[in-house]
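Since the structure comes first, as structure tokens, the remarks are kept for the end.
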Amino acid sequence: ILNVEQSPQSLHVQEGDSTNFTCSFPSSNFYALHWYRWETAKSPEALFVMTLNGDEKKKGRISATLNTKEGYSYLYIKGSQPEDSATYLCALINNAGNMLTFGGGTRLMVKP
Amino acid sequence: GAGVSQTPSNKVTEKGKYVELRCDPISGHTALYWYRQSLGQGPEFLIYFQGTGAADDSGLPNDRFFAVRPEGSVSTLKIQRTERGDSAVYLCASSLSGGITDTQYFGPGTRLTVL
């Protein structure tokens, strides 16, 4: 059973602030890590799929890094906007590619 | 194009009743997944289909839960003798072929409330 942890559980920031949060996972048996953004009453939206140690991916103001040797990934949001308010989930895929194991999520609230 | 859709969006039922939750995956996706999200937690895996067959049902909590995908497209999650602990958001996802780096595209979920 994989143990995926996210911190903090929730985060309140002001519009314009940059922020980051963490996804921690066991460094052994790593295959791939997925990041999702889930806004209330909508479908979880795929942000990134990361596989290689040292990988860095970017989508607009959001970026993510991956360290598979020490077992963590960071998600960064530059210049937060109210529309960034959502729960951000990370998940590890198993070797069969059929099961995502999710962390508990980080709930981000951006105040205008 | 159309994403993953799920119906109903909300379902309220009484303890002991039977419910069916439907998932329409993205056309052409062979892999289909069901997850369940309880309050304050991340989604938890229930079952995975590759085509018509359930390739991994290790996440189903007990034999009250069953899922089918008879034609390799639409899937139905069936819950018998519902219990209050079954209350959760049930999410469906599909991916092109089920590979490790394939993106799983999620539907909006069905919020099940068992009174």
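The values are calculated or read from the model by the stated rules, or taken from the named source; none is laboratory data. Keep in mind the model is a prediction, meaning the values are calculated, not measured. All Cβ positions, even for glycine, are placed from backbone atoms using ideal geometry, and neighbour counts span all protein chains on display. The protein model used for the area step is the full one, side chains on, heavy atoms only, and it has no ligands, DNA or RNA in it. Shrake-Rupley method; radii C 1.70, N 1.55, O 1.52, S 1.80 Å.
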Point to revise | Sole exception among (1) more than 14 Å from A:Thr68 (Cβ to Cβ); (2) among the polar types (S, T, N, Q); (3) touching a strand residue (DSSP E or B) at 6+ places or on another chain (Cβ under 6 Å) for A:Gln9, by number | key: (3)
Check your understanding: Which members of the range A:75-105 meet the condition of being touching a strand residue (DSSP E or B) at 6+ places or on another chain (Cβ under 9 Å), part of a loop (DSSP other than H, G, I, E, B), open to solvent by less than 30 Å² (accessible area, probe 1.4 Å) and farther than 27 Å from B:Leu96 by Cα?
Key -> A:Ser80
Check your understanding: Checking B:Asp57 against (1) buried (at least 18 other Cβ atoms within 10 Å of the Cβ); (2) within 14 Å of chain A (Cβ to nearest Cβ), which single condition isn't satisfied?
Key -> (1)
Practice item. Find the residue count for the range B:1-44, including only residues that are open to solvent by less than 10 Å² (accessible area, probe 1.4 Å) and away from chain A (no Cβ under 14 Å). Key: 2
Revision key, fill the gap. By residue number, the members of the range B:102-112 that are within 14 Å of chain A (Cβ to nearest Cβ), open to solvent by less than 40 Å² (accessible area, probe 1.4 Å) and either out of contact with any Cys (no Cβ under 9 Å at 6 or more places or on another chain) or among the aliphatic types (A, V, I, L, M) (or both) are B:Asp102, B:Thr103, B:Gln104
Revision key, fill the gap. Within the range A:1-16, residues being within 14 Å of chain B (Cβ to nearest Cβ), open to solvent by 90 Å² or more (accessible area, probe 1.4 Å) and assigned to a strand (DSSP E or B) number 1
**Study point:** Matching residues, the range B:70-101, being at the interface with chain A (Cβ under 8 Å from one of its Cβ atoms), more than 19 Å from B:Gln6 (Cα to Cα) and surrounded by 20 or more Cβ atoms within 10 Å (Cβ to Cβ)
**Key:** B:Gly98
Review point. Has the range B:17-30 got any residue that is β-branched (Val, Ile, Thr), part of a loop (DSSP other than H, G, I, E, B) and touching a residue at least 60 places away in the same chain (Cβ under 8 Å)?
Key: yes
Practice item. Considering only residues that are open to solvent by 60 Å² or more (accessible area, probe 1.4 Å) and facing chain B (nearest Cβ under 10 Å), look in the range A:25-74 and name the one that is farthest from A:Thr87 (Cα to Cα). Key: A:Tyr31
